[in-house]
């Protein structure tokens with residue numbers, strides 16, 4: 001697994017671009033998407049939360065696989081504190097068959113996902129946010145006018161080994177919000193596979 005991730009890192013490094021979508025301070029784009037349990041979930045459903053950890057992810061991507069347990073742990077740690085994880089799969093099954101809705105349902109069941117897992121069938125939500133990678137993190141913060149973007153980028157600074165993480169960017173951003181401060185950094189470079197949806 002580590003060799004695959006390292007090879008992918010080297011292959012993608014030259015192609016990585018600075019994020020050009022929604023940035024800290026911007027209003028979060030609303031959405032209504034189908035979850036793996038069949039419900040239609042909207043961002044407005046989380047209006048009673050302090051924030052939302054929005055994660056664009058995929059099933060076959062080695063980066064997403066490397067972070068899968070960390071994403072589960074993040075939800076288990078922060079959901080009760082007002083920051084639940086909401087995962088979105090925007091990959092087109094025509095391009096990435098393993099990211100079909102049926103595969104999503106199976107993966108969620110196999111891994112016991114405790115968080116909401118949504119299918120962005122047409123890729124409209126990832127385009128609205130400007131997400132290009134899996135995983136690609138958007139920490140949303142509740143404001144007087146809905147949700148706003150507080151942090152964008154990576155979960156931490158070590159894809160290969162969760163035990164060797166030096167900078168927990170996402171968790172530090174959540175801590176800053178709870179203190180009434182702005183996350184610093186507010187953005188980091190998302191490292192992962194390209195989102196495979198029509199038009200991207």
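Since every read-out is calculated from the coordinates, none of them should be taken as a lab result. Computed from a predicted model, the values in this text were never measured in an experiment. So basically every Cβ, Gly included, is an ideal-geometry build from the backbone, and we count neighbours across all protein chains shown.
Miscellaneous remarks
- From its DSSP helices (H runs of at least four residues, each -39,500 (n - 2.57)), the chain gives a residue-normalised ellipticity at 222 nm of -8500 deg cm²/dmol.
- Here the label points at residue 179 and residue 77, each 7 Å from Cα along the C-beta direction, are separated by 1.6 nm in the simple model.
- With both residues required to sit in the range 61-159, DSSP beta bridges show an antiparallel share near 65%.
- Only alpha carbons enter this Debye calculation for the chain, each as an equal point scatterer, and the log10 of I(q)/I(0) it gives at q = 0.16 Å⁻¹ is -1.02.
- Here the range 21-129 was treated as a single set of alpha-carbon atoms; its pair distances binned every 5 Å from 0 give 2, 12, 23, 26, 22, 12, 3, 0 percent.
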